[in-house]
Amino acid sequence: MAPEALLKPQDFQTDVHNDWCPGCGDFGILKAVQMALADLKLPRHEVALVSGIGCSAKTAHYVNVYGVHTLHGRALPVAIGVKLANPGLEVLVVSGDGDGLGIGAGHFVSAGRRNLDITYLILDNGVYGLTKGQASPTLKLGVKTKSLTQPNINEGINPLWLALASGATFVARGYAFDIKHLKDLIVRAIRHRGYAFLDVLQPCPTYNNLNTKDWYGGEDRLVEGKKMPRVYKLEERGYDPVVRTFEDTEPKKMEALKHALQWGDAIPIGVFYQNEQFPTFENRLEDRIPNYRESPPAKQVIADAAGRPTVRVQKFLDELVVT
Ligand code: SF4
Ligand code: MG
């Protein structure tokens, strides 16, 4: 086996049977995750991937790192617990749009407020793929995908706006069929010091017959015989998302919000906003618990060699006594 420092993307593959539909955007995202981990030379035992429920959530089984496949909408709180217990781990969270922005929406907002140093990917296809294509929270009002009997009666959430409003300090969007670009975004998100949110446009060919690979790629609109892709890269148009001074925060966020509104004929991908001027949750914890990083909960001894608990709970119970 290759030393951990020399791992290749294929070393992050598992032999678990993959049952995603042929042509699903999830395949490209999985590959991008594996490529990013190899690029970052991350040892497998230092990475944890936490997922919720849905097609996207199977990613935890397909990446050869620690994996936790949790409950519907609950990937973020579990991931936050993992990171708090062992801040030395690189923690990635993978959800679907239904999972992360429906039942998990409260956790989405809380994660932004905390600014814990984790990376959150939402695989965004506008439908609940695993349960036969109901409208998800990101499907826009009036849109009728093929498994809906009538057009969507609800307005869609803009995940980038919600992330920016909640306080996420890295906000980006990738596209499942631009794997190299997506890999670079994941690398940048993981390197970001703070909470990084990445919305990934993920065509679901089985249930979303509108936002398809051909649609994003502009196969349906030819100009002089050339296809006109709807997806474009922010960085190729000179967009600068980085907040360099604290005072820069508001104007940069306003620019990010403006660009995040674009949809339809021109859909931006890339980094919308990056701000490392704010302390992470771990920094704030260290202010209160000075030896937190050296002795986090996961590294504390809780049993002796014979397996007998060494933790004295009475001390904690005493603190709860109201006198
Ligand atoms: Fe992918 Fe859609 Fe199939 Fe789920 S239902 S595996 S999202 S194509
Ligand atoms: Mg979905």
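The values are calculated or read from the model by the stated rules, or taken from the named source; none is laboratory data. Everything numeric in this text was worked out from a predicted model, so none of it was measured. A quick note on method: Cβ atoms are made from the backbone with ideal geometry, for glycine too, and the neighbour counts reach across all protein chains shown. Accessible surface is based on the protein model in full, side chains and every heavy atom, while ligands, DNA and RNA are left aside. Shrake-Rupley method; radii C 1.70, N 1.55, O 1.52, S 1.80 Å.
Points worth noting:
- So Leu101, is it within 16 Å of ligand 1 (Cβ to nearest atom), in contact (Cβ under 8 Å) with a residue 24 or more places away in the chain and in contact with a strand residue (DSSP E or B) (Cβ under 9 Å, 6 or more places away or on another chain): yes
- From Gly225, Gly270, Gly264, residue being at positive phi and without any contact (Cβ under 8 Å) to a residue 24 or more places away in the chain: Gly225
- The test for being open to solvent by less than 20 Å² (accessible area, probe 1.4 Å) and more than 26 Å from Gly126 (Cα to Cα) holds for Val47.
- Hits in the stretch 64-82 - residues which are aliphatic (A, V, I, L, M) and open to solvent by less than 10 Å² (accessible area, probe 1.4 Å): Ala75, Leu76, Ala79
- Scanning the stretch 171-180 for residues that are assigned to a strand (DSSP E or B) and in contact with a Lys or Arg (Cβ under 8 Å, 6 or more places away or on another chain) yields a single hit, Ala172.
- Selection status of Lys144, more than 16 Å from ligand 1 (Cβ to nearest atom), open to solvent by 50 Å² or more (accessible area, probe 1.4 Å) and either over 15 Å from the mean Cα position of the chain (by Cα) or modelled with pLDDT of 95 or more (or both): yes
- Matching option when the condition is within 16 Å of ligand 1 (Cβ to nearest atom) and hydrophobic (A, V, I, L, M, F, W, C), among Ala85, Ala48, Ala32, Ala111: Ala32
- Matching residues in the stretch 229-244 - criterion: being within 22 Å of Ala189 (Cβ to Cβ) and open to solvent by 60 Å² or more (accessible area, probe 1.4 Å): Glu235, Glu236, Arg237, Gly238, Asp240, Arg244
- Scan of the stretch 114-136 for residues that are within 15 Å of ligand 1 (Cβ to nearest atom), within 22 Å of Gly174 (Cβ to Cβ), part of a loop (DSSP other than H, G, I, E, B) and not polar (S, T, N, Q), ordered by number: Gly126
- Lone unmet requirement of (1) of a type in the set (S, T, N, Q); (2) in contact with a helix residue (DSSP H, G or I) (Cβ under 7 Å, 6 or more places away or on another chain); (3) within 16 Å of ligand 2 (Cβ to nearest atom); (4) free of Cβ contacts under 8 Å to residues at least 60 places away in the same chain for Ser166: (3)
- When residues in the stretch 83-110 are screened for being of a type outside the set (Gly, Ala, Ser), assigned to a helix (DSSP H, G or I) and buried (at least 20 other Cβ atoms within 10 Å of the Cβ), 6 of them pass.
- Residue count, the stretch 41-58 (criterion: part of a loop (DSSP other than H, G, I, E, B) and farther than 13 Å from Thr119 by Cβ): 6
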